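Remarks on the structure that follows.
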Amino acid sequence: MSLAIAPEVAAALDAGGPVVALESTIVSHGLPRPDNLRIAREIEDAVRAGGAVPATIALVDGVVRVGLDDAALEAIALREDVVKCSARDLAVAAARGGTGATTVAATAHVAAQAGIALFATGGLGGVHREARSTWDESADLVALARTGICIVCAGVKSILDVGATLERLETLGVSVVGYGTDRFPGFYLADSGFPLTWRVDAPDEVAAILAARVGLGLDGGALVVANPIAAGDQLDPVLHERVLSESLAAATEQGVTGRDVTPFLLARFHAETAGASLEANVRLVLANAHLAGRIAAAR
Ligand code: PSU
Ligand code: MN
């Protein structure tokens with residue numbers, strides 16, 4: 001089965017031009033309908049404003065598509081039968097002609113297959129707070145260990161155990177640099193409370209790291225560019241802490257497990273903060289898409 005690469009994306013890749021991959025799970029499972037469709041288009045526009053061609057990735061009626069036209073984007077945003085696909089789900093869903101939204105793990109894999117070097121998302125998956133008993137660790141982490149791509153994100157989702165996730169990224173050999181910060185960002189919050197070893201302050205610094213990785217044969221895994229949400233856009237930390245503990249308790253009480261955990265917690269956050277977390281989520285994704293576009297253009 002081959003990838004269906006949209007004409008504009010194929011032309012840019014053939015010319016060695018800047019392209020940024022975008023995931024689709026954030027559209028189908030991370031943001032509420034019907035606003036998600038408009039926001040998906042705004043994310044693509046942010047990549048363009050940064051100077052690159054957006055390539056949103058998804059499985060549509062059995063075809064893995066790299067770059068979605070209006071009808072495909074609408075299908076992913078609005079259809080009821082869209083399955084959340086991590087890397088392990090993709091071939092199964094594709095073989096049976098299904099429609100699925102790709103997570104960070106699945107999107108990174110497909111993007112690398114297509115020859116795309118940059119990828120923007122909101123927050124990575126990681127180690128969940130109850131992982132000691134549930135073993136819930138996102139497949140995003142091992143996917144980043146084996147996929148050569150540069151991913152711009154606002155850290156990992158703050159619903160996670162951030163310290164444990166950083167330890168796993170270290171073990172897995174995933175490079176992490178802060179963009180304009182020495183602190184690991186906290187998704188809805190600018191600072192997760194954890195320090196970073198490396199900092200960059202401009203797109204061409206990231207481009208230089210990407211070139212050095214190739215020369216050293218260290219381009220088989222991911223480079224994470226951790227871009228904090230703007231201070232003025234972040235969620236009130238007190239509200240964040242309260243909603244988080246309530247939501248984690250609700251997930252346990254309602255027996256939410258597996259791939260449903262992250263969408264459940266994000267949806268609860270959006271409801272319990274009266275849209276404030278949604279606003280923050282959208283702003284940080286737009287900022288990441290824009291920065292990824294700039295980095296792609298600087299390569
Ligand atoms: N970032 C967001 N919203 C999201 C996600 C990331 O701002 O909905 C999605 C990504 O697709 C990520 C997934 O890969 O959540 C992680 O899910 P899990 O914890 O089940 O691996
Ligand atoms: Mn999980």
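The values are calculated or read from the model by the stated rules, or taken from the named source; none is laboratory data. This structure is a prediction, so every number in the text was calculated from the model and none was measured. Cβ atoms come from the backbone with ideal geometry, glycine included; neighbour counts cover every protein chain shown. Ligands, DNA and RNA are stripped out before the accessible areas are found, and what is left, the full protein with its side chains, is counted by its heavy atoms. Shrake-Rupley method; radii C 1.70, N 1.55, O 1.52, S 1.80 Å.
GNM remark for the chain: springs join alpha carbons under 10 Å apart, and the peak mean-square fluctuation among 155, 258, 173 falls on 258.
Close amide H contacts of residue 199 (hydrogens built in the peptide plane, cut-off under 5 Å, sequence separation of 5 or more or a different chain): 178. Each Cα pair under 8 Å and six or more residues apart adds its separation to the average, and for segment 188-278 the resulting relative contact order is 31 percent.
Selection among 222, 232, 281 by position relative to the dipole of segment 217-294 gives 222 as farthest towards the positive end (Cβ unit charges, Cα centre).
Put a plus charge on the Cβ of each Lys and Arg, a minus charge on the Cβ of each Asp and Glu, and nothing anywhere else: the dipole of the chain about its Cα centre is then about 420 debye. When you restrict to C-alpha pairs under 8 Å that are six or more residues apart and normalise by the size of the chain, the relative contact order lands at 21 percent.
The 3J(HN,Hα) values that the Karplus relation (6.51, -1.76, 1.60; θ = phi - 60°) gives for segment 159-165 are, in residue order, 6, 9, 7, 5, x, 5, 5 Hz. Gly and Pro appear as x.
Report the calculated FRET efficiency for residue 279 and residue 216 (r = Cβ-Cβ distance, R0 = 41 Å), to the nearest 0.05. The value I calculate is 0.50. Rounded, prolate or oblate for segment 1-84? Axes are the square roots of the Cα gyration tensor eigenvalues, ordered a ≥ b ≥ c, and the cut-off for rounded is a/c under 1.5. Note, shape of segment 1-84 comes out oblate. Entry comment: accessible area of the chain is 42 Å² per residue, from protein heavy atoms only and a probe of 1.4 Å. Comparing mean-square fluctuations of 102, 25, 181 from a GNM of the chain with C-alpha springs under 10 Å, the top value falls on 181.
Residues whose amide H lies under 5 Å from that of residue 55, counting only those 5 or more places away or on a different chain, are 20, 21, 22; hydrogens are built 1.01 Å from N in the peptide plane.
Considering only 94, 76, 13, and ranking their Cα positions along the charge dipole of segment 1-116 that arises from unit charges at the beta-carbon of Lys, Arg, Asp and Glu, the one farthest toward the positive end is 94. For the chain, the extents of the C-alpha atoms along the principal axes are 51, 43, 34 Å, listed from largest to smallest.
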